[in-house]
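Here is the structure we will look at, set down as structure tokens.
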Amino acid sequence: MPLSNEQLMRLARLARLSIPDDKVDITRKQLDSIFILIAQMQAVNTTGIEPMSHPQELAARLREDVVTETDCRTAFQAIAPHTEAGLYLVPKVIE
Amino acid sequence: MTPVPIFDAPVSALRRALDEKEISSVELTNIFLDRIEAFDPELNAFITVDRDRALAEARSADARIARNEADPLTGIPLAHKDVFCTEGILTTCASRMLSNFVSPYDAHVVSLLKQAGAVSLGKTNLDEFAMGSSCETSYYGPVINPWKPGTIAGGSSGGSAAAVAARLVPIATGTDTGGSVRQPAAFCGITGIKPTYGLISRYGTIACASSLDQGGAFGASAEDCAFLLSSMTGFDTRDSTSLDRPVENYAAIIGAGAPDAARPLDGLTIGVPRDFFSTGLNDEIRTAVEGALAQYRALGASLRDIDLPNVRLAVPAYYVIAMAEASSNLTKFDGVRYGHRAAEYADLVDMYCKSRSEGFGAEVQRRILTGTFVLSHGYYDAYYLQAQKLRRLITGDFERAFAECDLIACPTSPATAWALGEMSDDPVQMYLGDIYTSPVNLAGLPGLSHPCGFNAAGLPIGLQLIGSYFSEARLLTAAHRFQQATDWHLRRPPIAGSAHIPDTIDK
């Protein structure tokens, strides 16, 4: 099933990517070849097979409900593009 | 004893020389830093080299050695793949997105190796966000294979592999999501091991695909890998998938002598998946791998044909899972808390889109888009769930095989290193090269690649050994005994024969 330009644009929007006009065709072509590759999986009947999400069957580890981390805000915000008064600044979302 | 240049000495010889004060860690570190300065411009194996920091670490290692408190790696230089976070030094993941990122903390692996007293020379080049098999997707340019100019080093840990092969550093760390340690090790003619999933903490390792990613070790030999791997493993509460198991001293285990020195692998059964040797495998690789299998037999191992029927669909299943997990992991790069932010934008969503499109390269964007697709409503069952079911079937193939054999041997890759740019326009062709390595990650098993020959063009060929869960010691022992009887792992590219400083050491 080849991807349409509209479907590609929708995917890009979901993935928060913008694809420039001159890259649309090549991106669509390359994604189509990847879809042909992954469609090969449909050849196998997997009815009744339990999906495997992880190589080790692990239960979530529990720990004591105590503070283990110290406050690292200054260090973390030192590498942020834009901060003010301990807050991360982004463009205005609500007018 | 054969004298070899210091830069070509095995870790065990460096350890002895440091302990016996024949050389200091500062001297050793300077030798390798000088080699990087002289030869890395040809290879581009490093993204960041921090001479001052390395020499400071070497000085404290010398002080520790003087106090007789040295661990096996104290004072030994190494390099980290630039996917491991290092406090105070750039961690780029070979991406424009993180080209300004200085991590506020160390990855667990980095902390362990610091505690061991190893000296970090710097950070090695890779495919952007470890997505690739050739190191051509790096924002910092491709890594060149030390064996041949104009040839790729493999990927994604190609910088670490090229640096070790060219003897710019004795050992290096890497990560392996679908073959990213084993394939570049094969392409550069060195040894690389990816242990059982969960043995090495992923804390501070920038994630590509969380259920597949695993740290790994590069060295010239299995013995050198053994030294590094033991120092990288250990339980870590900060990684929910870290396994609470005792750390094994692999170098000590493989150093123990075999009862029958003439047939040191007596009693070992090696499974050979015959399907892997049929279509699509290059003849020169088949010949080299068959030759290595004959050598294993001569060392006492018995060979047995095995069948892994579902592995033929490992590549599509692997890429669906890897891309789904990567698209999810990479949502954190949005230009808000760290990394690249676009200079101009209309609103918040525009800021996300512009920052991500400017920050990520083409292959990373393709994988994010594909991952988003397979996770989206209406396609999830057909692709993502189907891939997870195939993952169960492939894992079952290995479980059945290991009821009949102790290890599996096969080629590491269906090809040797290719010319730069040869596959850049055909991502799927490149993905298909992961056929022998990616099933091992799907099952979470340990795998090792060691050199076993060369093609007519003089490029190295690798043999892959796959083990059952937690069989790292067995993998390393088998490879070590092969290497004690052969010399493929002692072959060096011309660049590693160029002695910058002509000191030698008794091996």
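The values are calculated or read from the model by the stated rules, or taken from the named source; none is laboratory data. The structure displayed is predicted, hence computed values, not measured ones. With ideal geometry, Cβ positions are generated from the backbone for all residues, glycine too; neighbour counts draw on all protein chains shown.
Descriptive notes on the structure:
- The sole residue among A:Ile26, A:Ile94, A:Ile49 that is under 28 Å from B:Arg391 (Cβ atoms) and of a type in the set (Val, Ile, Thr) is A:Ile49.
- Helices (runs of 4 or more DSSP H) (entirely within the range B:356-432) containing at least 3 residues that are farther than 21 Å from B:Ser210 by Cβ: B:386-401, B:427-432
- Residue pairs meeting the criteria (Cβ under 9 Å; at least 6 apart or on separate chains; first more than 12 Å from chain A (Cβ to nearest Cβ) and under 21 Å from A:Glu57 (Cα atoms), in the range B:203-223; second part of a strand (DSSP E or B) and of a type in the set (Lys, Arg)): B:Gly215/B:Lys81; B:Gly215/B:Lys194
- Subset of the range B:325-339 that is more than 18 Å from B:Cys208 (Cβ to Cβ) and not small (Gly, Ala, Ser) - its residue that is surrounded by the most Cβ atoms within 10 Å (Cβ to Cβ): B:Val336
- Residue ID - nearest to the chain's Cα centre (by Cα), chosen from residues in the range B:380-412 that are among the small types (Gly, Ala, Ser) and under 30 Å from A:Lys23 (Cβ atoms): B:Ala387
- If you go through the range B:216-241 and pick out every residue that is surrounded by fewer than 22 Cβ atoms within 10 Å (Cβ to Cβ) and not hydrophobic (A, V, I, L, M, F, W, C), you end up with 7.
- For B:Ala457, the stated conditions hold: it is touching a residue at least 40 places away in the same chain (Cβ under 8 Å), farther than 28 Å from B:Val320 by Cα and not charged (D, E, K, R).
- Of all residues in the range B:376-392, those that are free of Cβ contacts under 8 Å to residues at least 12 places away in the same chain have Cβ atoms under 9 Å from Cβ atoms of residues that are in a helix (DSSP H, G or I) and of a type in the set (D, E, K, R), 6 or more apart or on another chain, in B:Ser376/A:Arg10.
- Residue among B:Ile461, B:Ile435, B:Ile466 that alone is part of a loop (DSSP other than H, G, I, E, B) and touching a helix residue (DSSP H, G or I) at 6+ places or on another chain (Cβ under 6 Å): B:Ile435
Table: residues versus (1) closer than 30 Å to B:Glu325 by Cα; (2) of a type in the set (S, T, N, Q); (3) out of contact with any Asp or Glu (no Cβ under 8 Å at 6 or more places or on another chain).
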position	(1), (2), (3)
B:Ala58	no, no, yes
B:Arg67	no, no, yes
B:Gly88	yes, no, yes
B:Arg96	yes, no, no
B:His108	yes, no, no
B:Ser111	yes, yes, yes
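- Filter pass, B:Glu363 being within 24 Å of B:Ser449 (Cβ to Cβ), of a type in the set (Asp, Glu) and at pLDDT 95 or above: yes
- Of A:Ile19, A:Ile38, all but one fail to be closer than 21 Å to B:Phe333 by Cβ and at the interface with chain B (Cβ under 10 Å from one of its Cβ atoms); the exception is A:Ile19.
- In the range B:303-321, the residues that are assigned to a strand (DSSP E or B) and either aliphatic (A, V, I, L, M) or touching a helix residue (DSSP H, G or I) at 6+ places or on another chain (Cβ under 9 Å) (or both): B:Leu303, B:Asp305, B:Ile306
- Looking only at residues in the range A:53-86 that are surrounded by 10 or more Cβ atoms within 10 Å (Cβ to Cβ) and touching a helix residue (DSSP H, G or I) at 6+ places or on another chain (Cβ under 7 Å), the one that is farthest from B:Gly444 (Cα to Cα) is A:Thr83.
- Residues of the range B:95-116 classified as in contact (Cβ under 8 Å) with a residue 60 or more places away in the chain and part of a loop (DSSP other than H, G, I, E, B), total: 9
- Here B:Val11 does not qualify as surrounded by fewer than 21 Cβ atoms within 10 Å (Cβ to Cβ), farther than 30 Å from B:Cys353 by Cβ and touching an Asp or Glu at 6+ places or on another chain (Cβ under 7 Å).
- Qualifying residue in the range B:283-296 (condition: more than 26 Å from B:Asn455 (Cα to Cα) and either within 23 Å of the chain's Cα centre (by Cα) or not aliphatic (A, V, I, L, M) (or both)): no
- The set of residues in the range B:51-107 that are more than 30 Å from B:Ala153 (Cα to Cα) and within 14 Å of chain A (Cβ to nearest Cβ) contains only B:Pro104.
- Any hit, the range B:327-347, residues being more than 10 Å from chain A (Cβ to nearest Cβ), part of a helix (DSSP H, G or I) and under 17 Å from A:His54 (Cα atoms): yes
- Restricting B:Thr91, B:Thr74 to those that are under 30 Å from B:Gln365 (Cβ atoms), of a type in the set (Ser, Thr, Tyr) and either within 22 Å of the chain's Cα centre (by Cα) or crowded, with 17+ Cβ neighbours inside 10 Å (or both) reduces the list to B:Thr91.
- Pick from the range B:452-468, criterion under 13 Å from B:Gly291 (Cα atoms) and under 17 Å from the mean Cα position of the chain (by Cα), ranking: surrounded by the most Cβ atoms within 10 Å (Cβ to Cβ): B:Gly462
- Top-ranked residue in the range A:41-62 [being polar (S, T, N, Q) and facing another protein chain (nearest Cβ under 8 Å); ranked as nearest to the chain's Cα centre (by Cα)]: A:Ser53
- Here B:Tyr318 meets each of (1) at positive phi; (2) crowded, with 24+ Cβ neighbours inside 10 Å with one exception, condition (1).
- Number of positions in the range B:438-448 that are within 14 Å of chain A (Cβ to nearest Cβ) and either farther than 26 Å from B:Val364 by Cα or part of a loop (DSSP other than H, G, I, E, B) (or both): 3
- Filter result for B:Leu432 (within 14 Å of chain A (Cβ to nearest Cβ), hydrophobic (A, V, I, L, M, F, W, C) and surrounded by fewer than 23 Cβ atoms within 10 Å (Cβ to Cβ)): yes
- All positions within the range B:358-388 that are under 30 Å from B:Tyr140 (Cα atoms) and surrounded by fewer than 18 Cβ atoms within 10 Å (Cβ to Cβ): B:Glu358, B:Ala362
- Residue in the range B:365-384 that is touching a Phe, Trp or Tyr at 6+ places or on another chain (Cβ under 7 Å), facing chain A (nearest Cβ under 7 Å) and more than 18 Å from A:Ser33 (Cα to Cα) present: no
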